[in-house]
Amino acid sequence: MRRNIVAGNWKMNKTFQEADDLINEISEGLDDISIKNVEIILCPPFPFLEMTTDYAQESNFSVGAQNVSSYEAGAYTGEISAQMLQSIDVEYCIIGHSERRKYFKETDEILTLKAEMLLKCGIIPIFCCGEELPEREAGNHFNVVKTQLETALFKLDPLDFGKIVIAYEPVWAIGTGVTASSDQAQEMHAYIRSLIIEKYGKETAKNTSILYGGSCNAKNAKELFANPDVDGGLIGGASLIAEDFLKIIQSF
Ligand code: 13P
């Protein structure tokens, strides 16, 4: 079901104590603000997930992981399975972040497997897509995103696809302070929705949440979220500061 979402991707930041402090600040902050029609998701690093799901029982947010193995179980040293995440009440998982595509060679084919693993365990994938700067400059950004969606996600059956959350994250906007303009975000989100209409039909497209990510902050969130096809944000840097993250949540 389409809903407004603000998700914080902490990436590889914070120690245990710092994570504890940040979750505490966010929880207390959430008690003090009125939250209008928005789901909040915290995606801390793996070692802090269980602490975060414990907090979530008493607070108004859900918990997501930042990655999952494409394997089910067994001799895969260092991997974390979807079943493990499920067993500590993780409800969402980011897959296909551009940093994982770039540094860990994650391909769209692997992402299909990861999405399937997660869905089997009742965890909702937050699928990231987005073009690099030279691809946009060459006018190829629509094609890039189309290929990412078609290769990784459009392999899913309609029932499974209907559970997915999509995050459009232009790579040139991530961590750079350069945000996509409101028009650029809306244009790409509307395009993504049109691709979903073609593949899965109007009803599914209408019900799919499409988030924007890339230097989204307390100042620009309101304008970005005001677009009809922007259903919230996947926030990096600004999700590490409780005050900023809470302001973004209040941008709806
Ligand atoms: P920034 O908000 O730091 O640009 O990061 C966005 C992002 O990559 C979220 O997944």
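The table below lists the values:
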| quantity | calculated |
| --- | --- |
| Qualifying residue in segment 203-214 (condition: polar (S, T, N, Q), surrounded by 14 or more Cβ atoms within 10 Å (Cβ to Cβ) and within 16 Å of the ligand (Cβ to nearest atom)) | yes |
| Complete set of residues in segment 223-235 that are closer than 10 Å to S182 by Cα and more than 12 Å from the ligand (Cβ to nearest atom) | E223, F225, A226, N227, V230 |
| Search result, residues across segment 48-65 that are in a loop (DSSP other than H, G, I, E, B) and crowded, with 21+ Cβ neighbours inside 10 Å | F61 |
| Residues within segment 138-173 that are within 16 Å of the ligand (Cβ to nearest atom) and out of contact with any strand residue (DSSP E or B) (no Cβ under 7 Å at 6 or more places or on another chain), tallied | 4 |
| Selection count, segment 170-188, where residues are under 15 Å from L224 (Cβ atoms) and either buried (at least 21 other Cβ atoms within 10 Å of the Cβ) or in contact (Cβ under 8 Å) with a residue 24 or more places away in the chain (or both) | 11 |
| Inter-residue pairs, beta-carbon under 7 Å, first at pLDDT below 95 and in segment 37-64, second assigned to a helix (DSSP H, G or I), 6+ apart | S59/S27; S59/L30; N60/L30 |
| Considering residues of segment 83-113 that are assigned to a helix (DSSP H, G or I) and in contact with an Asp or Glu (Cβ under 8 Å, 6 or more places away or on another chain) only, the residue surrounded by the most Cβ atoms within 10 Å (Cβ to Cβ) | S98 |
| Selection count, segment 20-36, where residues are surrounded by 20 or more Cβ atoms within 10 Å (Cβ to Cβ) and without any contact (Cβ under 8 Å) to a residue 60 or more places away in the chain | 1 |
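The values are calculated or read from the model by the stated rules, or taken from the named source; none is laboratory data. Not measured: the values here are computed from a predicted model. Neighbour counts are summed over all protein chains in view; Cβ atoms, including those assigned to glycine, are modelled from backbone coordinates with ideal geometry.
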